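Just so it is clear, none of the values below were taken in a lab; they were calculated from the coordinates. Because the structure is predicted, anything quoted here is derived from the model rather than measured. Glycine gets a Cβ as well: all are built from the backbone with ideal geometry, and neighbour counts include every protein chain shown.
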């Protein structure tokens, strides 16, 4: 999830930067989906801001399991991302 105030061009840049993060750790992005802006079930505080809405981006990618921690750490410090979930799909 990224903040709700991004323009379409800024969202495209965020998507490209996240694809680069995944690729730099040996991953291959299979699919990306933009789920749009949605209300959050509860507000999230990050970097001094309080969010009640977020723009949802979904990435499906393949990567070596040993790189999962590195990918998570890099995404976690990305300013634009306010919350993320990395799930192992079999």
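Listing for the model above:
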{"read-out": "Filter result (in a loop (DSSP other than H, G, I, E, B) and surrounded by 10 or more Cβ atoms within 10 Å (Cβ to Cβ)) within the stretch 27-52", "value": "27"}
{"read-out": "Whichever residue in the stretch 11-26 is out of contact with any helix residue (DSSP H, G or I) (no Cβ under 9 Å at 6 or more places or on another chain) and touching a residue at least 12 places away in the same chain (Cβ under 8 Å) and, among such residues, is surrounded by the most Cβ atoms within 10 Å (Cβ to Cβ)", "value": "14"}
{"read-out": "Residue under evaluation residue 90, criteria (1) part of a loop (DSSP other than H, G, I, E, B); (2) within 15 Å of the chain's Cα centre (by Cα); (3) surrounded by fewer than 14 Cβ atoms within 10 Å (Cβ to Cβ), criterion not met", "value": "(2)"}
{"read-out": "Residues of the stretch 53-79 that turn out to be exposed (fewer than 11 other Cβ atoms within 10 Å of the Cβ) and assigned to a strand (DSSP E or B), as a count", "value": "1"}
